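Structure, as structure tokens:
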């Protein structure tokens, strides 16, 4: 029987969840097919993926650790997206945040932790924010498309980071490897108890709740969301659109900067090029999957982080190319985006006369 | 009243005995979810006749026509063409059966010529000869007495001429039934008359016309038969010659007696709230007038003669030259720098969904859009209080559905306009700019909006920009007629002669 597409009268209540789970299933099915195509046992492969992501405490801790920078970057991206400002530059703002934090730690290595860490966070927010502020300024003054400028600035940021670690900040004792000296204890975020997870997790919780409250209960947060309907509506409502664009980009970049700070301080304990693993890009996927809601972002970042960890496990056990994880991420995003069609429309059997 | 110069050639055309209907709807029902849009409608359309379809917003006119045009399939019942049942699965099927529709928004390629637009998608062969194309379209236009140059570019044409191109497109596809969705909304009175003459000529050559309209006087002047839709049901079909008054027709349309003429009591007029002095620029030339508290000044004119620029300059969307616009006795720049959220200016724009409201947000957020400063407490927003006030406004203005969680896009046009009006009046404005406040609204909603605006004169002055002359005559104290960026006349509605002067001024005739 032929099907027709019909517009829904009301949005589908549980649609978002159903679509997300559907996308996940579809992605797993495609992955299994890809594994089979490589001559591997597909079911075993998926089992290895499961084990690597959620199978044991070690895996869960790994996922949580990766979820922290993803969450912060993603919050930043989502704030800008809420206002329909397309900040694709979380990767670069993340790098600048790491640079800012490293700068402070190298400048004041002997300060006590309670002073040094806040200093690092401040500088990370500032530099990340400024990096995102540049495209906002260009957009407003010269009408430069922010998608292009934020993306371009990513490359500049990574080159800047390379310049620093290959040059002025290089550790003389590193046998020529591009990395800064290891941070002093005061510059390192400590772990929680005996686990591998660090206190950055609590920081994420505070930032997430803070941002949620900001969007929901403050006038500025309301104006920000209202501006998402376009500059003309903002002007109609006497909202200062230009100011808001600059503010939101600064905030967005600052949050990504914090992610960079947390990652350098807690995980690597120094600045080195291997810091840049694409959290800033995955954050865009996470933000869209979560439909820009802070709580959903927490879940989505954990899920995608777990996926990353799981795929790493698969790589080791089954000798699978590293690109496999990227493929899975891409499939999930595309399926979810395509599936969002069903939030507004539904398929119905055509009535035969 | 907008005066129609069109006089029908024969006052009543009787239907010859034994004429077979060209299209019939037989017990057609259409549902959208729980909403019954059309309920067992049976209607015949005869060749060579004009059938007017009258009904309020949401009465089911568009649904019915969309089924005829092949965009929807009826849930029950069927459509017959020439007495044979048909099933349209797409608009292509409908066109093949000879049914064509002219939509409110024209679907033309602006940078192409008339002939090219008519033949677009109909070329038949890969190579086409421009001269041949022009000739064929020219002959077609002549055959139906449509006065249009096939070589003209669409972008150079007026709205009325563009409409003729849409008609030509249908004629070229040999449509026998032409459906017009509110065709006169964009036309000047003169263009309306020309359209009516063209419609009449087409019926003489055997075409059937279905004419959807809100404007009662047009329907009475033009139609051979009037079908009235009410809440998805066919309320009845009338012979226009049997209609004694417009209010009778209106009452049949809405089911209760509606007075289309509102009572305008006089209000004390005091200080000016808007003064425009020698405003030139933004496409405007030497505009001078003022609006005082307690009065309504209407700006009328054919769309695109500078009304938009005037509104944008006054409401702050565009910046006028210095010392030309004074609002509440302050220069423009100072007013916008210092204006407060309430007891100030408010703007009810034409574009309700795209400008006045947040389409994906609920009623509370939409109330907050312009009143948020009234609900602020430092950086915080008191949403509890906003919810309470939203609920109050929904009750007071009877905005449906009466839920605060309804999103703007889910509201019908009339309810959305009521919501905007409720919000803007909540701000206790001293000066209101209302742009096409009743466009697309049904009679009862229009009446309500009119009364609200008249009541608002107690505290404010109103600048009313409208395309509906009746609205201007009913509400305003003065009517300013705009033509090519100028105000050609400022006419007091208290004078009898005013209504007759507007039409020529709109066309630029000042003699």
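What follows is calculated from the coordinates using simple rules that are stated; it is not laboratory data. No experiment lies behind these values; they were computed from the predicted model shown. All Cβ positions, glycine included, derive from the backbone under ideal geometry; neighbour counts span all protein chains shown.
Could you list A:198, B:105, B:405 so that the one with the fewest beta carbons within 10 Å of its beta carbon is first and the one with the most is last?
Taking fewest neighbouring Cβ atoms as first place, the list is B:105, B:405, A:198.
Contour minus end-to-end for residue B:149 and residue B:40, with contour as 0.36 nm per residue of separation and end-to-end as the Cα-Cα distance?
Full-extension gain reported as 34.8 nm.
Please give the helix B:130-143 orientation as an angle from the longest Cα principal axis of chain B, in degrees from 0 to 90, rounded to the nearest 10.
For B:130-143 against chain B, the angle is about 90 degrees.
Kindly identify the stretch B:184-223 as rounded, prolate or oblate by the Cα gyration tensor criterion: order the square roots of the eigenvalues as a ≥ b ≥ c, call it rounded if a/c is under 1.5, otherwise compare a/b with b/c, prolate if a/b is larger, else oblate.
Oblate, because a/c is 1.5 or more while a/b does not exceed b/c.
Rounded to the nearest 10 degrees, what's the angle between the helix B:383-397 long axis and the longest principal axis of chain B, both from Cα atoms, 0 to 90?
Approximately 60 degrees, to the nearest 10.
Relative to the longest principal Cα axis of chain B, at what angle does helix B:443-456 sit, 0 to 90 degrees, rounded to 10?
So the helix axis and the longest Cα principal axis differ by about 20 degrees.
When all C-alpha to C-alpha distances in the stretch B:283-326 are sorted into bins of 10 Å, what percent of pairs does each bin hold, rounded to whole numbers?
23, 59, 19
Could you calculate, for the stretch B:23-253, the ratio of the Cα radius of gyration to the Kirkwood radius, expressed as Rg to Rh?
Numbers: Rg = 17.9 Å, Rh = 18.3 Å.
Ratio of gyration radius to Kirkwood radius: 0.98.
For chain A, modelled as a GNM with alpha-carbon contacts under 10 angstrom, which of A:255, A:57, A:304 fluctuates the most?
Top of the fluctuation ranking is A:57.
What is the ratio of the Cα radius of gyration of the stretch A:119-275 to 2.2 N^0.38 Å, with N the residue count, to two decimals?
My calculation over the Cα atoms of the stretch A:119-275 gives 1.25.
Quick one: order B:212, B:432 by neighbouring beta-carbon count within 10 Å, fewest to most.
Ascending Cβ contact count within 10 Å gives the list B:212, B:432.
Taking other Cβ within 10 Å of each residue's Cβ, how do B:46, B:347 sort, fewest first?
B:46, B:347
Let me know the shape class of the stretch A:116-200, please: from the alpha-carbon gyration tensor, a ≥ b ≥ c as square roots of the eigenvalues, rounded when a/c is under 1.5, otherwise prolate if a/b is greater than b/c, or oblate.
oblate
What is the distance in Å between the Cα centroid of the stretch B:88-159 and that of the stretch A:108-134?
If you average the Cα positions of each part, the centres end up 66 Å apart.
With springs connecting C-alpha atoms under 10 Å apart, model chain A as a Gaussian network and identify which of A:108, A:183, A:341 has the largest mean-square fluctuation.
Looking only at A:108, A:183, A:341, the largest GNM fluctuation is found for A:341.
Looking only at A:266, A:283, A:234, which one moves most when chain A is put into a Gaussian network model with springs between Cα atoms under 10 Å?
In the Gaussian network model the winner is A:234.
Modelling each spin label as a point 7 Å along the Cα-to-Cβ direction, I'd like the residue B:403/residue A:349 distance in nm, to one decimal.
It is 2.9 nm.
Let's test the formula: R0 of 35 Å, r as the Cβ-Cβ distance of residue A:162 and residue A:115. What FRET efficiency results, to the nearest 0.05?
0.75
Please say if the stretch B:77-198 is rounded, prolate or oblate, where rounded means a/c under 1.5 for a ≥ b ≥ c the square roots of the C-alpha gyration tensor eigenvalues, and otherwise the choice is prolate for a/b larger than b/c and oblate otherwise?
It comes out oblate by the Cα gyration axes.
In whole angstrom, note down how far apart the Cα centers of the stretch A:55-100 and the stretch B:165-236 are.
What the calculation gives is 59 Å, centre to centre.
What FRET efficiency comes out for residue B:428 versus residue B:103 if R0 is 35 angstrom and r is the Cβ-Cβ distance? Round to the nearest 0.05.
0.30
For chain A, take the alpha-carbon Rg, divide it by the Kirkwood Rh, and send me Rg/Rh.
Value, to two decimals: 1.01.
Project the alpha carbons of the protein assembly as shown onto their principal axes and report the range along each, largest first, in whole Å.
Here the Cα extents, ordered largest to smallest, are 103, 71, 55 Å.
Normalized C-alpha radius of gyration of chain B, against 2.2 N^0.38 Å?
1.04
Wrap a convex hull around the Cα atoms of the stretch B:272-506, take a quarter of its surface area, and give that in square nanometres.
Over all viewing directions, the stretch B:272-506 projects a mean Cα-hull area of 12.4 nm².
Once the Cβ-Cβ distance between residue A:243 and residue A:293 is put in as r, and R0 is 22 Å, what FRET efficiency do you end up with, to the nearest 0.05?
Details: r = 25 Å, r/R0 = 1.14.
Between residue A:243 and residue A:293 the formula returns 0.30.
In whole percent, what relative contact order does chain B give with Cα contacts below 8 Å and a gap of six or more residues?
16 percent
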